[in-house]
Amino acid sequence: MALDPPITLSGKVFKYWVMDRTAGTATVYLQDGQTISGPIEVSDLIASEVARTIFDWEKWTTINITKTGDVVFAQTYSPVERNPLRGRITVYLDQNHWSSLAAARTGSHRIRSESERAAALRVAELASDAGIVLPVSSATVRETGAMYGNRRYALGISIAQLAGGWQLRHPLAVARHEILIAVAGLMDAKQPPPRAGVTLEPYAWMDDPREVAATEPDSSELFILAMGCPTVILEMLTDPDPTPDPIATNWARKHTGLQRQLANIADKTARRRAAYAAALEDHSEAISLALAALGQPTASLDLPAADVPYFFAKMPMLGIFVELYVRRLTDSGWTWRENDLTDMFFLSSGAAYADYVVAERATGAQMKQVLAKLGRDDNVVVTLEDLVARLEEQGVRTATEREESR
């Protein structure tokens, strides 16, 4: 008996794939005009606001339509696309600025001024029309998960529509890779190439074991991951029920105690070295993993205390994060909050890998000082008005505006 030939995953064969959860059917539209339909199982265990998912093979875009008729277009990861940003500026937003964008788009009064509303609408316009990229992160998803009902949906749908499939790679994954590169340099070993911090890679926003690099570029597994990721993000952002927050409740208490211990060290230099040692200890597991990956004994990194700041300073994200960490740990007047870890990690990653980060005021002010100390360009702003001013200085425009000016 002859075997069926393998399916070729190509836009030359397929036009659209449509999954209709409401009808419980999947329909494949072929380029030759044929259609193939069949039933699909829809799990009652998954609370989803998504009614239909369409994959457009020609535009390589995932389109989701919600139960209320909202449409979300997401640029989809392709292993053969060398320049998916296509020249666009990337901007990472702290959660309060996402809220401002959503409020401005819906006409809500939950916005502090008309100037902020105008700036928010301009940022949304640029994101909607190929002017800038606004990546979503696991912090964005987690903080949106604290809301519920219509307010959560309004915020979540705005985030999904404006992010358009783009993600900030999870900072823990970023930290491991930065440490691997740094340790390889210390060992005079071949350094792995850097990885994009703002990416379309499926599930890069999660600290997830799935590695795109280890998946064959033409495999059906990679395609399913790429097509499904935008839908999963949308579902998590718009789930009407609040999501339990897994953040460690003892984190602030632990660092408050450590801060008090360091305050007893009278010598400023010794106090800072102790804080850097604490940062090194926090990343000891990632260092051990890096040594193992390089075929080195896990106890072979002999780093003098005086060299620890320079070890971290070379790393794009951890250089910023560790300086923030040490600054706060050695400041007896700083009050640790449970959300500090999230703010420091994600805003540091945004500053390292996006063109701009729009931070909350306290962390943003400290990050500016840290960037100056590290000798890096200041790409941190704390208001949407300041962001728009920076973008205007660079001449950033929408695709429509660029076309009209020709």
- Query: Pairs under 9 Å by beta carbon, first residue free of Cβ contacts under 8 Å to residues at least 60 places away in the same chain in segment 103-114, partner not in a helix (DSSP H, G or I), six or more apart or different chains?
  - Reply: Ala103/His109; Ala103/Arg110; Ala103/Ile111; Ala104/Ile111
- Of the residues in segment 338-362 that are farther than 18 Å from Glu116 by Cβ, among the hydroxyl-bearing types (Ser, Thr, Tyr) and modelled with pLDDT of 95 or more, the one that is surrounded by the fewest Cβ atoms within 10 Å (Cβ to Cβ) is Tyr353
- Considering only segment 373-384, state which residues are surrounded by fewer than 17 Cβ atoms within 10 Å (Cβ to Cβ), under 24 Å from the mean Cα position of the chain (by Cα) and outside any loop (DSSP other than H, G, I, E, B). Leu374
- Note on the structure: Counting only residues in segment 120-131 that are in contact with a strand residue (DSSP E or B) (Cβ under 8 Å, 6 or more places away or on another chain) and buried (at least 24 other Cβ atoms within 10 Å of the Cβ), the one farthest from Pro244 (Cα to Cα) is identified as Leu126
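For every residue, the table says whether it meets (1) over 16 Å from Gly228 (Cβ atoms); (2) aromatic (Phe, Trp, Tyr).
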position	(1), (2)
Trp17	no, yes
Thr22	yes, no
Thr25	yes, no
Tyr29	yes, yes
Gln34	yes, no
Pro39	yes, no
Val42	no, no
Ser48	no, no
- Arg152 fails exactly one of the following numbered conditions: (1) crowded, with 20+ Cβ neighbours inside 10 Å; (2) at pLDDT 95 or above; (3) not β-branched (Val, Ile, Thr). What is the number of that condition? (2)
- Task: Would you kindly identify the helices (runs of 4 or more DSSP H) lying entirely within segment 86-201 that contain at least 1 residues that are within 30 Å of Phe311 (Cα to Cα) and more than 19 Å from the chain's Cα centre (by Cα)?
- Result: 171-186
- Query: Would segment 243-253 turn up any residue that is surrounded by 15 or more Cβ atoms within 10 Å (Cβ to Cβ), touching a residue at least 12 places away in the same chain (Cβ under 8 Å) and in contact with a Phe, Trp or Tyr (Cβ under 6 Å, 6 or more places away or on another chain)?
  - Reply: yes
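Every residue, every condition in (1) small (Gly, Ala, Ser); (2) at pLDDT 90 or above; (3) surrounded by 15 or more Cβ atoms within 10 Å (Cβ to Cβ), yes or no:
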residue: Phe14; (1), (2), (3): no, yes, yes
residue: Thr35; (1), (2), (3): no, yes, no
residue: Glu58; (1), (2), (3): no, yes, no
residue: Gln75; (1), (2), (3): no, yes, yes
residue: Leu93; (1), (2), (3): no, yes, yes
residue: Ser99; (1), (2), (3): yes, yes, yes
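The values are calculated or read from the model by the stated rules, or taken from the named source; none is laboratory data. On a predicted model such as this, the values are computed, not experimentally measured, just so you know. Neighbour counts are summed over all protein chains in view; Cβ atoms, including those assigned to glycine, are modelled from backbone coordinates with ideal geometry.
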